[in-house]
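Engineer: Mind having a look at this structure? Questions to follow.
The values are calculated or read from the model by the stated rules, or taken from the named source; none is laboratory data. Bear in mind that the values here come from a model prediction, so they are computed numbers and not experimental data. Glycine also receives a Cβ, built like all others from the backbone with ideal geometry; neighbour counts cover every protein chain displayed.
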Amino acid sequence: MFACIHVWKLPAALSLTDFAYSFSPVVEEVRSGTVVIDVDGCELLFGSAYQLANEIARRAQKLETTISVAVAANPDAAIHAATYLKGITFVSAGEELTCLGGFPIERLDYSLVSVEKEAAAEILETLRLWGVRTFADFAALPVAGVSERLGQTGLKLQQLAAGKTERHLHVQQPAPVFSNSLELEHPISELEPLSFIFGRLLHQLCAALNAYALATNELCVTMQLEDQTTHERKLSLPHPMRDHKVFLKLLLLDAEMHPPHAAVTSVSITCEPVKPRVLQSGLFVPLAPAPDKLELTLARLAKLVGEENIGSPALLDTHRPDAFSMKRFTLQTDPDRRRRRKKQPQQTIEPRQCLGFRRFRPPLRAIVEVKQGWPTQISAWGKQRSVYGKVIDLAGPWRTTGDWWRDDGWARDEWDVTLERLGQQSLYRVYRELKTENWFVEGNYD
């Protein structure tokens, strides 16, 4: 059995769907102001279907609006009856035309059987020309004749008029919420009891992710503290995961590095759902480290050496030599190779000659003989190499400075020099720090 609820004047603050969910978990919202519910199995709570309709009407009096309730064995018959008949209507199985037969054919709701408006208008115009005026007239037509002249669309509309359609309700699933919170009876100031709260919330969160075949790459933890402040932490994961044990270890390591400054009274954990990343390794390709184990190892290293010293090096947009910063490692996904790309015209690349520069790390401390400000002899030794010789050609100096407002500001003069040693010539780059007047060999050109 199905019960349809129709509100004649829907108030702006009224949610008819929420009102229908108080009677049955299977609810279809047909349109604004009309819902239909499946009442099978509700006899133990409300009695018969007719008693259920009366209970719906009784509770609707508190809503300060006028509603109509129709109970029928067919959901579409219940929708038509509730839409055009006021009060409570009970339609027995097999007696649909007794209630709906007198309705004008123009009231046929063709959208219930997924018929387009243009096709329905054409069929209704044909029925008008035939002299068909009501649902009963349409249902009385021979099925074979309707099929031959109006096709399958006409048969669907005839079954709809007779109240004999068979379909399931289009249940609207509520949007999944991947967030859990817990109010604590007593404030918690130690990490060990807080870990049990984290574990409980994370287990529920990962269960919801598994139910929807999703994962997450971001966890947001919000803790209300005893002094009415909020302590928030966000964990960004380079790989989508849904293992609550791994999440718990990561949260505990983060809580040890960034503990709240007061006792915790409530905890809320929210995640951003994403599609899980599925990899298929090659048969002869060695396995890479598991992403969860790698993330735990990085979290432990961050606890030991500091978060600013863990990550991927990124060059800074500056002229300062070897300037870089450590950024959080993020996984860069490759574009879909299966997509067909347009063939680009091949471009011919003209060959050009260029020098490769090999940088010495660290630079070699050098002793330089200078004559009238020009280097003439260079000697530098390191653990793995040595550079010495007479300067036979040079270019420079090029002065570079920057960050004068900081304590570690830099300023130096750079030279490109050609050294001759035992009849062989090599090209090097040397520089002199202006603050310390020290000379260094930075590298050589190949």
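Engineer: For segment 153-175, which positions are part of a loop (DSSP other than H, G, I, E, B) and basic (K, R)? Write out each step before concluding.
Structural biologist: Narrowing segment 153-175 to residues part of a loop (DSSP other than H, G, I, E, B): 163-175.
Correct list: K164, R167.
Engineer: For segment 87-103, give me each residue that is in contact (Cβ under 8 Å) with a residue 60 or more places away in the chain and either assigned to a loop (DSSP other than H, G, I, E, B) or surrounded by fewer than 17 Cβ atoms within 10 Å (Cβ to Cβ) (or both).
Structural biologist: V91
Engineer: Can F23 be described as touching a helix residue (DSSP H, G or I) at 6+ places or on another chain (Cβ under 9 Å), in a helix (DSSP H, G or I) and over 23 Å from C99 (Cα atoms)?
Structural biologist: Working: touching a helix residue (DSSP H, G or I) at 6+ places or on another chain (Cβ under 9 Å): yes; in a helix (DSSP H, G or I): no; over 23 Å from C99 (Cα atoms): yes.
The answer is no for F23.
Engineer: Being part of a helix (DSSP H, G or I) and either touching a Leu at 6+ places or on another chain (Cβ under 6 Å) or of a type in the set (A, V, I, L, M, F, W, C) (or both) is the filter here; which residues of segment 291-315 pass it? Full working, then the answer.
Structural biologist: Let us first name the residues in segment 291-315 that are part of a helix (DSSP H, G or I), namely 291-305, 307-309.
Across segment 291-315, the qualifying residues are L294, L296, L298, A299, L301, A302, K303, L304, V305.
Engineer: What's the total number of residues in segment 21-36 that are buried (at least 19 other Cβ atoms within 10 Å of the Cβ) and within 31 Å of the chain's Cα centre (by Cα)?
Structural biologist: The number of residues fulfilling the criteria is 3.
Engineer: I'm checking my understanding of the structure. Among residues of segment 158-182 that are aliphatic (A, V, I, L, M) and under 42 Å from the mean Cα position of the chain (by Cα), which one is surrounded by the most Cβ atoms within 10 Å (Cβ to Cβ)?
Structural biologist: Kept after step one, since they are aliphatic (A, V, I, L, M), are these residues of segment 158-182: 160-162, 169, 171, 175, 177, 182.
Filter again for under 42 Å from the mean Cα position of the chain (by Cα), leaving 160, 169, 171, 175, 177, 182.
Working: L160: 25, L169: 17, V171: 13, A175: 5, V177: 8, L182: 13.
Of everything passing the filter in segment 158-182, L160 is surrounded by the most Cβ atoms within 10 Å (Cβ to Cβ).
Engineer: I'd like to know if segment 37-54 contains one or more residues that are under 45 Å from the mean Cα position of the chain (by Cα), within 22 Å of W8 (Cβ to Cβ), in the same structural domain as L157 (by TED's automatic domain parsing) and assigned to a loop (DSSP other than H, G, I, E, B).
Structural biologist: yes
Engineer: Being more than 21 Å from the chain's Cα centre (by Cα) and surrounded by 12 or more Cβ atoms within 10 Å (Cβ to Cβ) is the filter here, so list the residues in segment 260-286 that pass it. Before you say what the answer is, go through the steps one by one.
Structural biologist: Residues of segment 260-286 that are more than 21 Å from the chain's Cα centre (by Cα), as a first pass: 260-267, 280-286.
Of everything in segment 260-286, those that are more than 21 Å from the chain's Cα centre (by Cα) and surrounded by 12 or more Cβ atoms within 10 Å (Cβ to Cβ) turn out to be P260, A262, A263, V264, T265, S266, V267.
Engineer: Please work out which one of (1) out of contact with any Asp or Glu (no Cβ under 6 Å at 6 or more places or on another chain); (2) surrounded by 13 or more Cβ atoms within 10 Å (Cβ to Cβ) is the condition L112 fails and give its number.
Structural biologist: (1)
Engineer: Of the residues E185, E218, E190, only one is surrounded by 12 or more Cβ atoms within 10 Å (Cβ to Cβ), among the acidic types (D, E) and not assigned by TED's automatic domain parsing to the domain that holds V27; which? I'd like the intermediate steps shown before the answer.
Structural biologist: Details: E185 fails: surrounded by 12 or more Cβ atoms within 10 Å (Cβ to Cβ); E190 fails: surrounded by 12 or more Cβ atoms within 10 Å (Cβ to Cβ).
Checking each option against the conditions leaves just E218.
Engineer: For residues in segment 228-256 being closer than 14 Å to H203 by Cα and among the charged types (D, E, K, R), which is surrounded by the most Cβ atoms within 10 Å (Cβ to Cβ)?
Structural biologist: R242
Engineer: Moving to a separate point now. Tell me which residues, restricted to segment 104-139, are in a loop (DSSP other than H, G, I, E, B) and under 17 Å from N74 (Cα atoms). Explain how you work it out, then say what you get.
Structural biologist: First, pick out the residues of segment 104-139 that are in a loop (DSSP other than H, G, I, E, B): 108-109, 114-116, 131-133.
Within segment 104-139, L108, D109, S114 qualify.
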